[in-house]
Amino acid sequence: MSGGAQILAVRLLRTGGWHANHAVTVLEPTGKERQLVLRRWARPGWELEDPDFTASREEAVLGLLERAGLPTPRVVASDPRGATCDVPALLITRLPGHPPRVVRDLDSFLTQLAQGLARVHRLPVDAREVPGFRTYYPMREAQLPSWLRKDRVWEAALAAAREAEPTEASFIHRDYHPGNSLWRHGALTGIVDWTQASRGPVEVDVGSMRWNLAADFGLPAADRFLEAYRASSHLELRDQPIWDLVTLMDLVLSKGEPCPEDEMRPLREHARACLRRMPD
């Protein structure tokens, strides 16, 4: 950002579990206004729980994405160690649009999400540029949370997730879901929140989106997204039901407090549907 720019307005954007995001309007010395976002790594204890999901990691990833021409933010300034800001932070461009509100055309919504993800997965990447994928919790050692009513579905889902074997590594978003997409007049305008971008199975991104869709729109929407992604990417998805369960159990294991039954019911139905599709 040019020296001498003035801050005109600051507004807290939707809060999330990972970052504190503020919309910042600045006035350049030229008289031009710019719309930016300040992303702060403000979650207490993140550096102990997730020391690899850093501001430096997201900065590097956004640089790769800019060269690829994807609809993602660009880095304007960075403070990865929190030397100037109170915590590590990135100042990035603000893309047009907003997270999805009312979805009026579900088929178009799912198709655009699938096409956007297919573009992400076509980005070439190597081990020197992006770290490898990991689950939030070691699946082979994990146990079902004590608050979860134990039954055969959840026990079988965790058992299946423990058996996942990484497939060919591609560039993945790692946290791909509707809340990390931006829209304007029914068109996808951007994909955001790249802190966890990794080299890993594309099935991880597909699985993450599928459980989110199952929870918000029902199982048919999750299946239609899968069909749309296959049509857009022309990729052969390997062991997708297992990776669906990996991403789902990563969510369930992360919940430290009991969740209402009406929130868990569609997730359980999604788990059961995935188990039915498991190869014999």
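The values are calculated or read from the model by the stated rules, or taken from the named source; none is laboratory data. This one's a predicted model, so the numbers in the text were calculated from it and none came from an experiment. Here the Cβ is made from the backbone with ideal geometry for all residues, glycine too, and neighbour counts use every protein chain on show.
The figures follow:
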| read-out | value |
| --- | --- |
| Members of segment 133-185 that are hydroxyl-bearing (Ser, Thr, Tyr) and part of a loop (DSSP other than H, G, I, E, B) | THR135, TYR136, TYR137, SER146, THR167, TYR176 |
| Residue match in segment 137-149 (condition: buried (at least 19 other Cβ atoms within 10 Å of the Cβ), out of contact with any His (no Cβ under 6 Å at 6 or more places or on another chain) and in the same structural domain as PRO241 (by TED's automatic domain parsing)) | yes |
| Selection count where residues are part of a helix (DSSP H, G or I) and touching a residue at least 60 places away in the same chain (Cβ under 8 Å), scope segment 231-272 | 19 |
| GLY116, sole failed condition from (1) in the same structural domain as SER181 (by TED's automatic domain parsing); (2) small (Gly, Ala, Ser); (3) surrounded by fewer than 18 Cβ atoms within 10 Å (Cβ to Cβ) | (3) |
| Hits in segment 127-148 (condition: touching a residue at least 12 places away in the same chain (Cβ under 8 Å) and more than 22 Å from ASP50 (Cα to Cα)) | TRP147, LEU148 |
| Unique match (being farther than 19 Å from PHE133 by Cβ, assigned to a helix (DSSP H, G or I), without any contact (Cβ under 8 Å) to a residue 60 or more places away in the chain and assigned by TED's automatic domain parsing to the domain that holds HIS22) among ARG81, ARG67, ARG34, ARG39 | ARG67 |
| Residue in segment 204-218 that is outside any loop (DSSP other than H, G, I, E, B), of a type in the set (Lys, Arg) and free of Cβ contacts under 8 Å to residues at least 24 places away in the same chain present | no |
| Checking PRO100 against (1) in the same structural domain as GLU236 (by TED's automatic domain parsing); (2) part of a loop (DSSP other than H, G, I, E, B); (3) within 27 Å of GLY69 (Cβ to Cβ), the condition it does not meet | (1) |
| Which numbered condition ASP86 fails, given (1) surrounded by 13 or more Cβ atoms within 10 Å (Cβ to Cβ); (2) touching a residue at least 12 places away in the same chain (Cβ under 8 Å); (3) of a type in the set (Asp, Glu) | (1) |
